[in-house]
Amino acid sequence: MNGLRIFCKKFIPLDSWDHDFVVVKSPLVEDIPLPCLASFDLFNPLDNSGHGWKVTKGGGIIKNYGLDFTRQGGGASTDFIVSKDAISVLCAVKPNSFDAFSTFLDCRQMTEGSGSGFCVDFSPNDKTMRVQVVYPSGTGVSYRSPTFVENEWNILCITLSAQSLRMENQHGDVVPNEFTSPINITHWVRPLIIGQGVSGGTCDGSVGFVAIYDGFLTPAQRKAAIRTGIEVINSREG
């Protein structure tokens, strides 16, 4: 048994990634109009873009919708790292508790003079999903999505370049920002980690998938990508 989806589009239940897997077609690759740099559907360790990146499950708990994470168990690591002028990120994340921070995605380097990357987390202070970016100084700045619904999957489409950020969620909220000076959001020095922060932040929540694309999705393409993400999550939980 290889644990893949087969032609009937049903899941073969797994409690381990200790199997042989092959790359399969994914709507996260096929339905998004930009070259896919990495697509971690989180059914298995593979990158379904076909570029050969991998996830090490670590403390992730296998579910039919992706991976769960606990504060005690730790996160999952990847070997994916990117250096592009602009990227777009599509992800599905859901906090399971609301009284503490949860870090879902992180590739930040917070060293003074060489800060780079970003993270996606949940803030209990105002109950919101956030994108945090790091300036070259090592200083971090967060941008908040205004609508959050407990126990609902957050389907986020984030476009990033040295000059600007756009974050949109499944409710249609758009958070725009133009940076006052160029920052290294899209030129990482750390690989992406999932379900844990680079500085020890923990996660009590779920990650359904994360996919990264080469380039900047337009507003209409962001909305279409979010619809694809919703369909992917709904198909897993149905």
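The values are calculated or read from the model by the stated rules, or taken from the named source; none is laboratory data. Quick caveat, the model's predicted, so the values are computed rather than measured. Because the Cβ atoms are built from the backbone with ideal geometry, glycine has one as well, and the counts that use them run over all protein chains shown. Ligands, DNA and RNA are excluded from the accessible area calculation, which covers all protein heavy atoms including side chains. Shrake-Rupley method; radii C 1.70, N 1.55, O 1.52, S 1.80 Å.
With respect to the conditions (1) in a helix (DSSP H, G or I); (2) crowded, with 20+ Cβ neighbours inside 10 Å; (3) touching a Gly at 6+ places or on another chain (Cβ under 8 Å), residue 222 falls short on a single one, namely (3).
Hey, can you tell me all the residues within the stretch 101-115 that are closer than 18 Å to residue 167 by Cβ and not β-branched (Val, Ile, Thr)? Working first, answer last.
Step one: list which residues in the stretch 101-115 are closer than 18 Å to residue 167 by Cβ, which gives 101-108.
Listed by number, the residues that qualify are 101, 102, 104, 105, 106, 107, 108.
Whether any residue in the stretch 116-132 is surrounded by fewer than 16 Cβ atoms within 10 Å (Cβ to Cβ) and of a type in the set (Val, Ile, Thr) is what I want to check. There is no residue in the stretch 116-132 that is surrounded by fewer than 16 Cβ atoms within 10 Å (Cβ to Cβ) and of a type in the set (Val, Ile, Thr).
So, in the stretch 33-53, exactly how many residues are more than 19 Å from residue 88 (Cβ to Cβ) and either surrounded by 17 or more Cβ atoms within 10 Å (Cβ to Cβ) or hydrophobic (A, V, I, L, M, F, W, C) (or both)? So the answer is 4. Within the set 183, 155, 212, 193, the sole residue that is on the phi < 0 side of the Ramachandran plot, modelled with pLDDT under 95 and open to solvent by less than 50 Å² (accessible area, probe 1.4 Å) turns out to be 183. Candidates are the residues of the stretch 75-92 that are in a strand (DSSP E or B) and not aliphatic (A, V, I, L, M); the one that is surrounded by the fewest Cβ atoms within 10 Å (Cβ to Cβ) is 83.
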